[in-house]
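All remarks here apply to the structure that follows.
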Amino acid sequence: MNKSVQKYFAEDKTIKNISLIIVIGLVFLISAVAYAKKTNPPAQMPEFTQVDPAAWINSKPLSVKDLRGKVILIDVWTYGCWNCYKSFPWLRALEDKFSDQDFQVIGIHSPEFDREKERDNVVKKVEEFMLHHPVMMDNNRAYWRSLRNRYWPAYYIVDKEGNIRDAFIGETHAGDRNAKKIEKLITKLLK
């Protein structure tokens, strides 16, 4: 074989390899997105896993019984997550929108890194982001596991009887698809 033919076959093989890598990458990406869209929360809101007052910010330790009769949005977040930060303006606006109704946001701070387990650091972030709702520090991720959660941020909508009605994942902004679905569901459950 002459050199130009060898070069052609070498380039053709490289193109095929690159194409194969791209196809495999797209398959993994599509699978990951489809998997990420599926959540499998428990049917009932799990009991809070922290009873120590030091594990709660903006509140005394709460129980599921304390919240019966209210529609709850459980916000699973960590202060090292930028998508969580970017969702806080929407979350605060949502609290304002439903402030005169039986609606309550409960933050669950489930840290990814050890530095995120330090109470003083979490308190500073709660203050910085003007979060006034109760926040439970879930340093051992026991509540994370009881929700079968896998993502930050994640939002679980609980009806007045304590049933988890739906779960949403990802950064959320006023007017986006997630926000519209969440707000529609909350409005329905408050009736």
**OP:** Report the paramagnetic label zone for residue 132: residues of segment 44-66 whose backbone N is under 12 Å from a point 7 Å from Cα along the Cα-to-Cβ axis.
**Re:** none
Original post:
Using θ = phi - 60° and the Karplus form 6.51 cos²θ - 1.76 cosθ + 1.60, what ³J(HN,Hα) does each residue of segment 48-62 get, whole Hz, x for Gly and Pro?
Top reply: 4, 8, 10, 10, 6, x, 5, 8, 10, 10, 6, 6, 6, x, 10
Original post:
Between residue 171 and residue 43, what is the FRET efficiency for a Förster distance of 35 Å, r being their Cβ-Cβ separation, to the nearest 0.05?
Top reply: 0.85
Original post:
Which value, in debye to the nearest 20, gives the size of the charge dipole of segment 126-191 about its Cα centre, when Lys and Arg are +1 and Asp and Glu are -1 at the Cβ?
Top reply: 440
**OP:** Multiply the residue gap between residue 124 and residue 142 by 0.36 nm, knock off their C-alpha separation, and tell me the result in nm, one decimal place.
**Re:** 4.2 nm
Original post:
What does the charge count near residue 126 come to, summing +1 for each Lys or Arg and -1 for each Asp or Glu among other residues with Cβ under 15 Å from its Cβ?
Top reply: -3
Original post:
Which net charge results when you count Lys and Arg as +1 and Asp and Glu as -1 among the other residues whose beta-carbon is under 10 Å from that of residue 107?
Top reply: -2
**OP:** Using a cut-off of 14 Å between beta-carbons, work out the net charge of the residues near residue 174 (Lys and Arg +1, Asp and Glu -1, residue 174 not included).
**Re:** +2
**OP:** Taking the Cα atoms of segment 53-190, report the difference between the largest and smallest coordinate on each principal axis, in whole Å and largest first.
**Re:** 39, 32, 27
Original post:
Under a 5 Å amide H to amide H cut-off, with H placed in plane at 1.01 Å, what residues pair with residue 105 once short-range neighbours are removed?
Top reply: 73
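Any read-out appearing in this document is the output of simple, stated calculations on the displayed coordinates, not a laboratory observation. Just so you know, these numbers come straight off a predicted model, no measurement behind them. Here the Cβ is made from the backbone with ideal geometry for all residues, glycine too, and neighbour counts use every protein chain on show.
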